[in-house]
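The values are calculated or read from the model by the stated rules, or taken from the named source; none is laboratory data. Note that the structure is a prediction, hence the values are computed from the model and not measured. Using ideal geometry, Cβ is built from the backbone for each residue, glycine included, and neighbour counts are taken over all protein chains shown. Remember, those area values only see protein heavy atoms, side chains included, never the ligands or the DNA or RNA. Shrake-Rupley method; radii C 1.70, N 1.55, O 1.52, S 1.80 Å.
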Amino acid sequence: MPKVNLAHPGVQQYLLESVDFWHRTAHLDGWRLDVADQVPSWFWREFRKRVKAIDPNAWILGEAWGDASDWLQ
């Protein structure tokens, strides 16, 4: 998986704006997040806020290899 600098505000903005683009363009019902455990949880919280602001019924499914108990709490 490519490494991106999520601490950089421009990177965060670009990725979160992609949520708007894909919801508007493809009318998505949900998101599948590959290797979600390789991305900081603080970013996924912001991602979730963005998704749910557009569609409160949208689902988000994340892939986590190994022990996912931290993600399920």
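Structural remarks
- Per-residue ellipticity at 222 nm, computed for the chain from helices alone with -39500 (n - 2.57) per DSSP H run of at least four residues, works out to -15500 deg cm²/dmol.
- Accessible area expressed per residue, the range 21-73, with surrounding protein chains retained (probe 1.4 Å, Å²): 76
- Overall, the accessible surface of the range 25-73 at a probe of 1.4 angstrom is composed of carbon and sulfur to the extent of 53 percent.
- Under Karplus coefficients 6.51, -1.76 and 1.60, residue-wise ³J(HN,Hα) of the range 20-37 in Hz, glycine/proline x: 4, 4, 5, 5, 6, 7, 10, 6, 5, 9, x, 10, 10, 9, 5, 6, 4, 6
- GluC sites (Glu not before Pro) restricted to the chain and DSSP loop, no more than 12 other C-beta within 10 Å: E63
- Projected-area mean, the range 31-72, by convex hull of Cα positions, square nanometres: 2.9
- Alpha-carbon Rg with Dmax, taken over the chain, Å: 12.5, 35
- Cut-off 12 Å between beta-carbons: net charge of the residues surrounding K52, Lys and Arg +1, Asp and Glu -1: +2
- Amide H partners (placed H, <5 Å) of G62, local residues excluded: L33
- Estimated at 0.36 nm per residue, the fully extended path between T25 and L72 surpasses their Cα-Cα distance by 13.9 nm.
- Phi-derived couplings, Karplus 6.51 cos²θ - 1.76 cosθ + 1.60 at θ = phi - 60°, listed residue by residue for the range 57-68: 8, 5, 9, 10, 10, x, 8, 9, 7, x, 6, 9 Hz, with x used for Gly and Pro.
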